[in-house]
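Student: Take this structure, written in structure tokens, and hold onto it; I'll ask about it next.
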Amino acid sequence: MIRDRGYNAAVGAFHPEVVHFAIALLILGVACRALSLFGWPRFLSQFAATLLILGTLAAVAAVYTGDAAHGPIEQMPGLRPIVTEHEEWGERARNIFLVVALIELAALAFRRSSTVKYLLIASTVVGVVGLAVLYEAGEHGGEIVYAYAGGVGTRSGDPSDVSHLLLAGLYQQALADRKAGKPAEAATLVDLAARRFPDNVDVQLMHAESLLLDRKDPAGALAALRAIAPPAGNRPLRIRHGMLMADALEASGQHAEAISTLEQLVAAVPSPRVQQRLDALKGKGGKP
């Protein structure tokens, strides 16, 4: 079970970095230790010992920083059991590699003894077991982050990061609803995003697109697009704005205006994609 050790944002924020150091050092360390059993090159044995000891220290730090970070994550609905499993697997991996480190230290102490080769074999075998446990810990950690957004937006303690998380969630769920044939639900989520982020040009363009696609409201989309002024130096936003404007004009029956919009756009911001759309419109209705 997870112990209540308290939440320390400053320490917990380092957990992802420390974990990746531990994983890299331990995988490389076990691999080098296994190769060193063949006796060549000679420096590889010392190199493996160094990697495994440093990796074990990183694993200890990873567990410590993970304990410090778990507070707000385990309070998210449905995450406590998964966080518990991740923490338990992480502690098992740390404990196994503590054994590996002790074996490595013993091998250094008895390096001139005939028993050293057995210690190095033991280190390799226990290390391989440790890597399997480390994989399980990493898999559970990945599930927390990528399947449940655990820690995403909350790790740094910066409120703006939570806003990023909210926007990402609204966007992804709106896409899922649209794909599932639920345009009204998608539009509701995009409307919420537009209200929460009124100064974000990307979000406002997404809202205009949703009015066109989800609500089938080209007049509303046109009104929204005319209220948006994409930055002059932002080529992708200018292209997206112009393309959406042309789509909304075409959907509202203003074919000539759609062509004129794209002609102005391709003159100001040359783009093969815009030219292709312009050619398609001209082929459909003829150039005015």
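Student: Residue check: is residue 80 surrounded by fewer than 21 Cβ atoms within 10 Å (Cβ to Cβ), touching a residue at least 40 places away in the same chain (Cβ under 8 Å) and charged (D, E, K, R)?
Tutor: It is true that residue 80 is surrounded by fewer than 21 Cβ atoms within 10 Å (Cβ to Cβ), touching a residue at least 40 places away in the same chain (Cβ under 8 Å) and charged (D, E, K, R).
Student: Would you point out the residue of the range 108-133, among those that are assigned to a helix (DSSP H, G or I) and of a type in the set (S, T, N, Q), that is surrounded by the fewest Cβ atoms within 10 Å (Cβ to Cβ)?
Tutor: Top of the filtered list is 124.
Student: Restricted to the range 229-286, and to residues that are under 21 Å from residue 207 (Cα atoms) and among the hydroxyl-bearing types (Ser, Thr, Tyr), which residue is surrounded by the fewest Cβ atoms within 10 Å (Cβ to Cβ)?
Tutor: Filtering the range 229-286 for residues that are under 21 Å from residue 207 (Cα atoms) and among the hydroxyl-bearing types (Ser, Thr, Tyr), the one surrounded by the fewest Cβ atoms within 10 Å (Cβ to Cβ) comes out as 252.
Student: Report yes if some residue within the range 89-107 is out of contact with any His (no Cβ under 9 Å at 6 or more places or on another chain), surrounded by fewer than 14 Cβ atoms within 10 Å (Cβ to Cβ), aromatic (Phe, Trp, Tyr) and in the same structural domain as residue 33 (by TED's automatic domain parsing); otherwise report no.
Tutor: no
Student: Let me confirm something: among 91, 17, which residue is acidic (Asp, Glu) and either closer than 19 Å to residue 129 by Cβ or not in a helix (DSSP H, G or I) (or both)?
Tutor: When all the criteria are applied, what remains is 91.
Student: Would you check if residue 122 is assigned by TED's automatic domain parsing to the domain that holds residue 53, closer than 28 Å to residue 10 by Cα and modelled with pLDDT of 90 or more?
Tutor: Considered against the rule, which asks whether it is assigned by TED's automatic domain parsing to the domain that holds residue 53, closer than 28 Å to residue 10 by Cα and modelled with pLDDT of 90 or more, residue 122 comes out as no.
Student: Test residue 199 against the stated conditions and say whether it is in contact with a Pro (Cβ under 6 Å, 6 or more places away or on another chain) and either touching a residue at least 24 places away in the same chain (Cβ under 8 Å) or surrounded by fewer than 16 Cβ atoms within 10 Å (Cβ to Cβ) (or both).
Tutor: Criteria not met by residue 199.
Student: Let me ask another. What about residue 96, is it part of a helix (DSSP H, G or I) and more than 23 Å from residue 63 (Cα to Cα)?
Tutor: In short, no.
Student: Kindly list the number of the only condition in (1) buried (at least 18 other Cβ atoms within 10 Å of the Cβ); (2) touching a residue at least 24 places away in the same chain (Cβ under 8 Å); (3) under 26 Å from residue 31 (Cβ atoms) that fails for residue 136.
Tutor: Answer for residue 136: the failing condition is (1).
Student: Scan the range 63-80 and give yes if some residue there is within 17 Å of residue 126 (Cβ to Cβ) and either among the acidic types (Asp, Glu) or in the same structural domain as residue 127 (by TED's automatic domain parsing) (or both), otherwise no.
Tutor: No: the range 63-80 contains no residue that is within 17 Å of residue 126 (Cβ to Cβ) and either among the acidic types (Asp, Glu) or in the same structural domain as residue 127 (by TED's automatic domain parsing) (or both).
The values are calculated or read from the model by the stated rules, or taken from the named source; none is laboratory data. Worth saying up front: this structure is predicted, and the values here are computed from it rather than measured. Cβ coordinates were reconstructed from backbone atoms using ideal geometry, including for glycine residues, and neighbour counts include every protein chain displayed.
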